[in-house]
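Enquirer: Supplied in structure tokens, the structure appears directly below.
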Amino acid sequence: MDFVSPDDGVFLSTMPATRSQRRLALAVVLIATVLFLASAPFAKVQLQRVDGFIPAYETAIVIFDLITAILLFGQFAFLRSRAILVLASGYLFTSTMTLAHALSFPGLFAPQGLLGAGPQTTVWLYVFWHVGFALFVIAFALLKDEGTQPYAANRSARTEIAWSVCLVLVATVLLTLLATAGQDLLPPVMNGNQYGPGAYLVALGAWPVALLALAIMLQRGPRSVLDLWVMVVISVQVLEVALSATLNGGRFDLGFYLGRIYGLMSVSVVPLVLLIEHGRLYGQLVAKQRELRRLSVADPLTAISNRRSFDEALEREWREAVTARTTLGLLLIDVDYFKPFNDGYGHLTGDRCLRLVAEVLSGGARRAGETIARYGGDEFVILLPRTDADRASALARHLCKRVGEMSLPHAHSTVASHVTISIGVATISMAHQTNQLAAGPTVLIEAADRALYAAKAAGRNRAVEYVIEPGGPGDRTYTANAGTWPSVLAKS
């Protein structure tokens, strides 16, 4: 399995929080605080019991927290950060504790709760749930500066995740047993649906744990996007506990309902941010993949196709030409006396020369499907699908002329006072089944290479055409200066 470096900033736990993200997080906390201050004086106002509210609320909590835990476990599998593992375990803990809370809630599945517990069980499970999550956040804040170990074995990650899941489940079972079978060991907190005196003592004990988690997060600083939104979550949880367990009077009053709405808001923040950022990062990944694809098939110096791209295009166009029984042409181009040019004028000027020649070639071959590539060093190649010998030769004449018209000085050439090119032209018609077809596209490259060699032997600054046909291949040359085609020189 390949691992991504934590320095790449592709995870929420490694991506630095931007100024706009900080402003958005601050806005969320400020809005939640304003609504809290506005509703706090009315927290004890009794409202009607809505039977569907609790199951909907707790179902949403379980789903959101489970999704968040899975996403964070996935990040841990890459980063091997103990802080991420602890936070993922914290979200899994809240999901399992919420499920136990729902099973024990009076009137939800049974008059006294499905677990058959007493009236104190649900409140204590709520306290264990919130205090436990705050403790997980504290551990996350203390561990998040440890760094990551992204190159550990993949099996090690699965083992650590499995152990974490087991420990969370064990903790949930033990705390549920304490709140049910061992509830006599805990102080009573409920009188019917109203809080008793002990409830406020418990709430005043639970509230500072959330405040401590927030203080430690602030002291450590929100360096990453994940840090920032976990801080928002714990801030909203402080307001939730205050509304639903401190300022209100019991179940089904305004504080009870608002507190749980705050709870829904807090659990939805991180998964929503994770999903949004995953979508954004996926878009960036697609863009980078396209850029990598472009770079993998482009020559970095001339920006035209590279040898790999040409080889792929040649294989593809050869198959299509054989299937459609059409013609296929190839121009193999060499800059005349380029090594003396490069040595005499320097490598920077030599690079500029290659770029200028590539521009001329790109301007000459414009039909759809035509591929212009740097074949290697000072050699270029142009693949011409559905092109016969006459058009391929005409294009070769045009390119010889256009390169000469650049008038790029070349004092080290014995051909002309400027840069020139030699071109080997090869064409093959798939309409005639010849022995050469069995050899594949290499026969076309060999023919163009032979024609190019003949062009150099004939004095350069010219093109030689090599036609592969049943009647026997032949070649003819074109001299750029004379502008005429001599007769056939040789037979192969």
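What follows draws every value from the coordinates through simple rules; no lab data is involved. Please read all numbers here as calculations on a predicted model, not as lab measurements. Here the Cβ positions follow ideal geometry from the backbone for every residue, glycine too, while neighbour counts run over all protein chains shown.
Enquirer: Taking a ≥ b ≥ c as the square roots of the eigenvalues of the Cα gyration tensor of the chain, is the shape rounded (a/c under 1.5), prolate (a/b larger than b/c) or oblate?
Expert: Details: a/c = 4.30, a/b = 3.43, b/c = 1.25.
It comes out prolate by the Cα gyration axes.
Enquirer: May I pose another question? Residue by residue through segment 267-279, what is 3J(HN,Hα) from phi via Karplus (6.51 cos²θ - 1.76 cosθ + 1.60, θ = phi - 60°)? Round to whole Hz and write x for glycine and proline.
Expert: Once rounded to whole Hz, the list reads 6, 8, 4, 5, x, 5, 5, 4, 5, 4, 5, 5, x.
Enquirer: How large is the dipole of the chain about the Cα centre if only Lys and Arg carry +1 and Asp and Glu carry -1, each at its Cβ, rounded to the nearest 20 debye? The partial results should precede the final answer.
Expert: Details: 41 positive and 37 negative charges, 126 e Å.
Approximately 600 debye in magnitude.
Enquirer: Now a separate question. With the cut-off at 1.5 for a/c, could you classify segment 1-109 from its C-alpha gyration tensor as rounded, prolate or oblate? Before the final figure, lay out each step's value.
Expert: Numbers: a/c = 3.76, a/b = 1.49, b/c = 2.52.
Verdict is oblate for segment 1-109.
Enquirer: Counting only residues 5 or more places away or on other chains, whose amide H sits under 5 Å from the amide H of Asn191 once H atoms are built in the peptide plane?
Expert: Residues meeting the amide H criterion: Gly196.
Enquirer: Label-point separation (nm) for His398 and Ala287, each offset 7 Å from Cα along Cα-to-Cβ?
Expert: Here the answer is 3.7 nm between the modelled labels.
Enquirer: List, in order, the whole-Hz ³J(HN,Hα) value for each residue of segment 169-186 obtained from phi through the Karplus relation with A = 6.51, B = -1.76, C = 1.60 and θ = phi - 60°; use x for Gly and Pro.
Expert: With the stated coefficients, segment 169-186 comes to 5, 5, 4, 4, 5, 5, 5, 5, 4, 5, 7, 10, 5, x, 5, 5, 7, 9 Hz.
Enquirer: Can you give me the Cα centroid spacing of segment 341-366 and segment 71-102 in angstrom?
Expert: So the separation of the two Cα centres works out to 58 Å.
Enquirer: Which residue, Ile261, Ala88, Ala40, has the largest displacement toward the positive end of the dipole of segment 6-294 when charges sit on each Cβ (Lys, Arg +1; Asp, Glu -1)?
Expert: Working it through, the farthest residue towards the positive pole turns out to be Ala88.
Enquirer: Under a 5 Å amide H to amide H cut-off, with H placed in plane at 1.01 Å, what residues pair with Thr420 once short-range neighbours are removed?
Expert: Counting only residues 5 or more places away or on other chains, the set is Asp336.
Enquirer: Could you give the size of the charge dipole of segment 349-436 about its Cα centre, using +1 on the Cβ of each K and R and -1 on the Cβ of each D and E, expressed in debye and rounded to the nearest 20?
Expert: Details: 10 positive and 8 negative charges, 42 e Å.
Rounded to the nearest 20 debye, it is 200 debye.
Enquirer: From the backbone phi of segment 221-238, what are the Karplus-calculated ³J(HN,Hα) couplings (6.51 cos²θ - 1.76 cosθ + 1.60, θ = phi - 60°) in whole Hz, Gly and Pro given as x?
Expert: x, x, 6, 10, 4, 5, 4, 4, 7, 5, 5, 5, 4, 5, 5, 5, 5, 4
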